[in-house]
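Notes to accompany the following structure.
The values are calculated or read from the model by the stated rules, or taken from the named source; none is laboratory data. Note that the coordinates shown come from a computational prediction; the quantities given were computed from them, not determined experimentally. Don't worry about glycine lacking a Cβ; one is built from the backbone with ideal geometry, like all the others, and counts go over all protein chains shown. Surface areas here come from the heavy atoms of the whole protein model, side chains and all, with no ligands, DNA or RNA. Shrake-Rupley method; radii C 1.70, N 1.55, O 1.52, S 1.80 Å.
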Amino acid sequence: MQMVVYSVLTFTMFGKYQSTVQERFIRYVQIDTQSDPHSTTIPSTEKQKNLSRLLVDELKQIGISDAHLDEWGYVYATIPATTDKIVPVICFCAHVDTSPDSSGCDVKPIIHKNYEGQDIVLPDDPTQVISTREYPYLKQKIGEDVITASGKTLLGADNKAGLAIIMDLANYLIQHAEVQHGTIKILFTPDEEIGRGVDKVDIQKLGASFGYTLDGGERGSFTDETFSADSALVTFHGISEHPGYSKGKLVNALKVAGAFLDLLPREEFSPETSEGREGFVHPVYVEGMVEKAKVEFIVRDFETRNLKLHEMRLEQFARQAVGKHPGSSYEFETKEQYRNMKEVINKYPQIEKYAAEAMQRANIKFKKQSARGGTDGSRLSFMGLPCPDIFTGEMAYHGKHEYVSIQDMQKSVEVLANLVQVWFERRLSEDEKTQPDFMIR
Ligand SMILES: [Zn+2]
């Protein structure tokens, strides 16, 4: 019964609204915003600001007067509350940069209207085919309007879909002052794809209690869990001697490192043989000479406590390798990278509950997912802004096969419009009152 009432409400709520998500998306993807992991500047590439500046202009056109770009390339803006009641301030977040893995220069977006389920051959490079076999979600998009790139570049739906969705939400809410909601913050970050997206976020200035990133894939998906991550550095020491006169003296650190790598299991404990909730260790860089060799690892698991176990096991292999090469020695260091955001988000069950309700009101099946990686949300959550991820429809990230459905983006806007109202309606829920460290900023 409830669902019927809600869907009617939603229908009338969006009935006459002229969505701007498509035109915004088409505009944003044509601006090259590729980030660069080898750059030391902030943002890593100046061109990201071209899009950020446009977003500020558009926010001002919408009527959001405090929108601004800071020196680090972050956009902050506020959608003012339409109520005097105290409602937690929530933030919607997306990133402007695209992946360094594939060119983002001269993106030519193509709209495949009323998609019929065929494999999509990209015209500028017909060897690039988006097939339903490889991307089964495409089959669910039959009858919708699908946007792709033209074959030479990525599309940049990751994360320009998120930007377009948040911008359209702002446009909708400013035009519909009758929709009741608390203060909403908007945050657009640079350099997410190179892991620096939140380095310069000013959480104090942002002033939000909870956040949602808009960077997820399939309609209905909600991600509240990421890996916990450490890095590990194993350094082997050998003994260097003149190779012509070194019998019985020389110990080659490169051979110790080789023996060590050879001890790593292949059938498990490795990314290439892990999936689901399994963790792994993964060598990512080797450097060395006879005297000294280093091997860098990333260590991943959903359970933070398992990281220690993986690292002990890894160190055991280092010890064994050194044991086979008398005279050698090793050092073992680990560093924390990021933690599973679920550890924070679990303390505030309403973040998920309200998102689930917002999706239900839009007649969308809520699908909880775990990310086998990190997101800006994982770090934001530990910086004091619990921040799971909501779907945008962006699919096949980081490559030429990237695609997104316009209807998925529109649905995401509808979910956010519902979500801010759910937060308003539930402003004094028991959940919040019983959370000892709950704070309304
Ligand atoms: Zn992204």
- Message: Given the options SER328, ALA362, ALA318, identify the residue whose Cα lies farthest towards the positive end of the charge dipole of the range 313-362 (+1 on Cβ of Lys, Arg; -1 on Cβ of Asp, Glu).
- Response: ALA362
- Leaving ligands, DNA and RNA out of it, work out the accessible area of VAL404 with a 1.4 Å probe and give it in Å² to the nearest 10. 0 Å²
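Report the equivalent ellipsoid semi-axes for the range 339-383 in whole Å, largest first, defined as the square roots of five times the eigenvalues of the gyration tensor built from alpha carbon atoms. If you can, show how the numbers build up before the last one.
Working: eigenvalues 97, 31, 13 Å².
They are 22, 12, 8 Å, listed from largest to smallest.
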- Which value, in Å to one decimal place, does the Kirkwood hydrodynamic radius take for the chain when every pair of different Cα atoms is included? 23.7 Å
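Too long at a 21 Å Cα-Cα cut-off: which of LYS16/LYS365; LYS49/LYS200; LYS60/LYS353; LYS141/LYS411; LYS108/LYS185?
Where the Cα-Cα span goes over 21 Å, the pairs concerned are LYS16/LYS365; LYS60/LYS353; LYS108/LYS185.
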- For the range 176-191, what does the Karplus curve 6.51 cos²θ - 1.76 cosθ + 1.60, with θ = phi - 60°, yield as ³J(HN,Hα) per residue in whole Hz, taken in order and with x for Gly and Pro? 10, 5, 6, 6, 8, 7, x, 5, 10, 9, 10, 9, 10, 10, x, 6
- Can you list residues whose amide H is under 5 Å from ASP215's amide H, if they're 5+ apart or on another chain and H is modeled 1.01 Å from N? ILE390
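Using a Förster distance of 56 Å, how high is the FRET efficiency between LEU254 and LYS205, based on the Cβ-Cβ distance and rounded to 0.05?
The computed FRET efficiency comes out at 0.65.
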- Message: What do you get for the angle between helix 48-62 and the principal long axis of the chain? Use alpha-carbon atoms, 0 to 90 degrees, nearest ten.
- Response: 20 degrees
- Task: Express the relative contact order of the chain as a whole percentage, based on alpha carbon pairs under 8 Å and six or more residues apart in sequence.
- Result: 23 percent
- Task: Looking at the chain, send over the antiparallel percent of its DSSP beta bridges, to the nearest 5.
- Result: 70 percent
- For the range 252-345, what log10 I(q)/I(0) values come out of the Debye formula at q = 0.21 1/Å, with one point per alpha carbon and no solvent? -1.07
- In degrees, nearest 10, range 0 to 90: what is the angle between the Cα axis of helix 2-15 and the longest Cα principal axis of the chain? 80 degrees
- Applied in sequence order to the range 331-341, the curve 6.51 cos²θ - 1.76 cosθ + 1.60 (Karplus, θ = phi - 60°) yields integer Hz couplings, x standing for Gly and Pro, of 10, 9, 10, 10, 9, 6, 9, 8, 10, 4, 5
- Message: Against the 2.2 N^0.38 Å scaling, with N counting residues, where does the range 114-186 land? I'd like the Cα-based Rg ratio to two decimal places.
- Response: 1.52
- Note on the structure: Residues meeting the amide H criterion for LYS367 (H placed from the backbone, H to H distance under 5 Å, 5 or more places apart or on another chain) are SER221, PHE222
- Taking N as the number of residues in the range 309-382, the ratio of its alpha carbon radius of gyration to 2.2 N^0.38 Å works out to 1.86
- Would you mind working out the accessible area per residue for the range 49-202, using a 1.4 Å probe, and quoting it in Å²? 38 Å²
- Item | the range 255-314 and the range 45-121: distance between their alpha carbon centers, rounded to Å | 37 Å
- Search the structure for amide H atoms under 5 Å from the amide H of THR83, placed 1.01 Å from N in the peptide plane, and list their residues when 5 or more places away or on another chain. HIS181
